[in-house]
Amino acid sequence: MARRGDPNPGGPFEGTGASAPGNPLQGSGTPAPVSPASSAPLPGRPVRGSAGGRPVMAALDLLGRRWTLRVIWELHRNGAPIGFRDLQRRCDDMSSSVLSTRLTELREAGIAASTSTAAQPTWRLTALGDDLVTAMGPLLDWSRAWAERR
């Protein structure tokens, strides 16, 4: 819902839909070609709650998927690249297929990256992933205050 004086008619959470680095929208406002196997919610593609793929809705869709926040937390908590099996153990032995899917989605979204070694690939947060963890800091603070008030 637009507010008076809001330069963005889609409202404060709608984004502009303009092309930006890393945004799959082309200058014409149409989605850039995406691999059909790609399942990650990304800005500019239809996602839960937004047929146009508004950035905030794409983020909420991605982060709201089962185990996604836990995977991000464990990648952040570890601080160093971590192997798949170690990450799986830290995530309470979650299903390997679910972990694989979440890591693929996080990689497609630019939040996590894998590096291959001779033994096995390892996973880490990217700079964008680190920015996400920083952005979630106020939510963590709020949740602690909420817990204390209950």
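Since every read-out is calculated from the coordinates, none of them should be taken as a lab result. In this text, all values refer to a predicted model and were calculated from it rather than measured experimentally. Cβ placement follows ideal geometry from the backbone for every residue including glycine, while neighbour counts extend to all protein chains displayed.
Just a few scattered comments:
- Taking the average, over residues, of other Cβ atoms within 10 Å as the packing measure, peptides 57-67, 134-144 rank 57-67, 134-144 from highest down.
- Overall Cα dimensions of segment 71-150, principal axis frame, Å, largest first: 49, 26, 20
- Segment 62-81-segment 119-150 distance, computed between alpha-carbon centres (Å): 8
- Computed from the C-beta positions of residue 97 and residue 133, the FRET efficiency with R₀ = 22 Å rounds to 0.30.
- Rounded to 0.05, the FRET efficiency of the residue 48 and residue 69 pair, given R0 = 22 Å and the Cβ-Cβ distance, is 0.85.
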